[in-house]
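The structure appears right after this line, and notes come after that.
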Amino acid sequence: MHKNLILGTTIAGAIIAYALKPKKPKTELEAKGVPIPTTPTYLPLQIDGVLHYILSVLAGRDELEFLRAISTEMGNTINLRGFNQDFIIVLDPSSIQHILAKNQPNYEKGPEFQAIFHEFLGSGIFNADGEAWKTQRQLARPHFQTSEFRDAALINRHVDQLIKVIDNHISKSPDAPLDVQELFCRFTLDEASEFLFGETVNALELGNTEFSTAFNYAQSITAWRFRVPLWRYVVPTKQFLREIKKLDTFVYKIIDNAIARQEKRVMEQEQQPGDGKHEMKEGYDTLLDHFLSQRSEHGFDREYLRHMLLNFLLAGRDTTASLLSWTTWKLTQYPDVLAKLKQEIAEVIGPDTVPGYDDIKKLKYQKQVINEVLRLCPPVPFNMRQSVEEDLLPNGYYIPPGTPVSYSAYTTHRLPELWGEDALEFNPDRWGPERVGSIKPFMFVPFHAGPRICLGQNLAYTTAQVTLTRLLQRYDIQAKPGFEPQQVGDIVLFSRNGVEVLIRKKSISKF
Ligand code: HEM
């Protein structure tokens, strides 16, 4: 009892001393700027606010709607202060443009973001700033401009496999619902791994592998690190590090194979007459081969290559699966949209032609549907930066130095003052020629914007369009009565309970 009293008094004293700590005098810029409205809390260190948030999440409350409700009350620039740490959120397009493009160098991933991702992603592109980021971006960019995915052959190969799995499900249990989210995650893991490493993980065939389970676990722990202030002391690491080891074992095997391939190629090249210089055949190598070909700068640094691969896999895999899952769900909810889309596919592609890159670019309505899904269900619903120096936003609000500054595509994409009174309605026609002019830059940011805009944007659209086209050519997809997905905004926007639909093969004449 006596011990508890001493402990209680010490903690209370520390909190009061911390709360009453004299404030630093304002800088010139701070005096000029407007302080950002802070969510109201009543206890020292905003403990009530922090606990309320964490308990809400643990109880399964939708975090994204939680934030949207706060913004409806408090406006589009908010400070969610916790443990005396500012956590600023900007939602209006001019502020988003400011942090992502106009004053981008002042808004880095920063040390806090990098610490959160450190064991998982190391210093890979997604987790790097400055020169380390620039070098990787420059190295990777050409690979995304090559023709490897332009003829959509790689995507179509994996869709063949996806179709096999769905056909198998239908023949075994024709009336049972199918969780397409789970299936799309395996599909995009296979596609991304082949695109990046030249070896597929074969998740569609094998089901959840040790690699995919470890990858999922690492992501969910990382999402908790984002949510919890002082995560270092709270979020468990032991199991996390074990799972990371499994990822490493898998990836290093692929890297060692690729290094052996590359060494053999270089040796063969050197034995051939010519100037001995090694030239890559653009468009046919994997991203890993592409990085290996730059060995003069980075050598065969296995750790560097490991970071690179896992970063690209994280960036590319779940995001596209999320897009495909929410699109399927929306189509089951809007039969008129589905009918119009099927008609376009029938007219432009035909009932069973395997679409190539140029074919799907003609599917204008399909692109509108996908954009509308990216608006309401952006796969990356929330994103964070950290200010380097102090700054003023275009609306006059003051940003202190070293402060987390985030934006939420999910909330910005739903603001009625930007998108109109029907902002919450799913309406692909808003992307049609009559209305598209009112969509201004930085209102729609599913792929980020500015110098760090998504490298895989084109690959993502192509994958989504080819896959949807082929599935709608072959199947009737309907809602499972009574099923409602429960969105959860981890790093990627998924449904906690999957996306269950009823799926049947259709006869050709029905198209
Ligand atoms: C619908 C699918 C996708 C969405 C919505 C999406 C969205 C995003 C977003 C929001 C970012 C910014 C992340 C940040 O800086 O914090 C990003 C970055 C990135 N994305 Fe995507 N992405 C998608 C698919 C892909 C694919 C398929 C790939 C490649 C296989 C890819 C590769 C990348 C890379 C490498 C970056 C880092 C760029 C940089 O920091 O310079 N993405 N993506």
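The values are calculated or read from the model by the stated rules, or taken from the named source; none is laboratory data. Computed from a predicted structure; not experimentally measured. Methodologically, a virtual Cβ is constructed for each residue, glycine included, from the backbone with ideal geometry; neighbour enumeration extends over all protein chains shown. Note: accessible area is taken over every heavy atom of the protein model, side chains too, but ligands, DNA and RNA are not part of it. Shrake-Rupley method; radii C 1.70, N 1.55, O 1.52, S 1.80 Å.
Can you tell me the 0 to 90 degree angle between the C-alpha axis of helix 238-271 and the longest principal axis of the chain, rounded to 10?
It works out to around 50 degrees.
Pop the C-beta distance of residue 429 and residue 270 into the FRET formula with R0 = 56 Å and round what comes out to the nearest 0.05. Could the numbers behind the result be given before it?
Details: r = 59 Å, r/R0 = 1.06.
So the FRET efficiency works out to roughly 0.40.
Can you give the translational diffusion coefficient of the chain in µm²/s, computed by Stokes-Einstein from the Kirkwood radius over Cα pairs at 10 °C and 1.306 mPa s?
Rounded to a whole number, D works out at 64 µm²/s.
When ranked by the protection proxy of mean other Cβ atoms within 10 Å per residue, highest first, what sequence do the peptides 63-69, 470-476 form?
On the way: 63-69: 17.1, 470-476: 19.6.
Ranked from most to least packed, the peptides come out as 470-476, 63-69.
FRET efficiency for residue 256 and residue 83, Cβ-Cβ distance as r, R0 = 51 Å, nearest 0.05?
Numbers: r = 44 Å, r/R0 = 0.87.
About 0.70, to the nearest 0.05.
Roughly what angle does helix 153-172 make with the longest principal axis of the chain, taking Cα atoms, 0 to 90 degrees, to the nearest 10?
Approximately 90 degrees, to the nearest ten.
What is the ratio of the Cα radius of gyration of the stretch 402-445 to 2.2 N^0.38 Å, where N is its residue count, to two decimals?
So the Cα radius of gyration is 1.33 times the expected 2.2 N^0.38 Å.
Translational diffusion coefficient, Stokes-Einstein: compute it for the stretch 301-426 using the Kirkwood radius over C-alpha pairs as Rh, at 4 °C and 1.567 mPa s, and state it as an integer in µm² s⁻¹.
72
Measure nothing fancy, just the Cα-based angle from helix 2-19's long axis to the longest principal axis of the chain, in degrees from 0 to 90, nearest 10.
The angle comes out near 80 degrees.
Quote the charge dipole size of the chain about the Cα centre in Debye, to the nearest 20; the model charges only the Cβ of Lys and Arg (+1) and of Asp and Glu (-1).
For this selection, approximately 660 debye.
Computing the accessible area with a 1.4 Å probe over protein heavy atoms, can you report the carbon and sulfur percentage for the chain?
55
If Lys and Arg each add +1 and Asp and Glu each add -1, what is the summed charge of the other residues whose beta carbon sits under 14 Å from the beta carbon of residue 441?
Net of charged neighbours comes to +1.
Pop a pseudo-label 7 angstrom from the Cα along the beta-carbon direction at both residue 388 and residue 32 and give the gap in nm to one decimal.
It is 1.9 nm.
What translational D, rounded to a whole number of µm²/s, comes out for the stretch 43-200 from Stokes-Einstein when the hydrodynamic radius is the Kirkwood one over Cα pairs, at 10 °C and 1.306 mPa s?
Stokes-Einstein gives a translational diffusion coefficient of 78 µm²/s.
Report the gain in length on full extension from residue 301 to residue 343: 0.36 nm times residue separation, minus Cα-Cα distance, nm rounded to one decimal.
10.0 nm
Over the chain, what is the percentage of antiparallel beta bridges among all DSSP beta bridges, to the nearest 5? Before the final figure, lay out the partial values.
Working: 22 of 27 bridges.
Antiparallel: roughly 80 percent of the beta bridges in the chain.
When every alpha-carbon pair in the stretch 293-365 is counted, what percent end up more than 19 Å apart?
That tail contains 61 percent of the Cα-Cα pairs.
Could you report the stretch 334-391's accessible area per residue, 1.4 Å probe, as an integer in Å²?
Result: 41 Å² per residue.
Net charge around residue 364, counting only other residues with Cβ within less than 15 Å of its Cβ (Lys, Arg = +1; Asp, Glu = -1)?
On the way: positive: 340, 342, 361, 362, 367, 430, 435; negative: 344, 347, 358, 359, 372, 429, 434.
Neighbourhood net charge equals 0.
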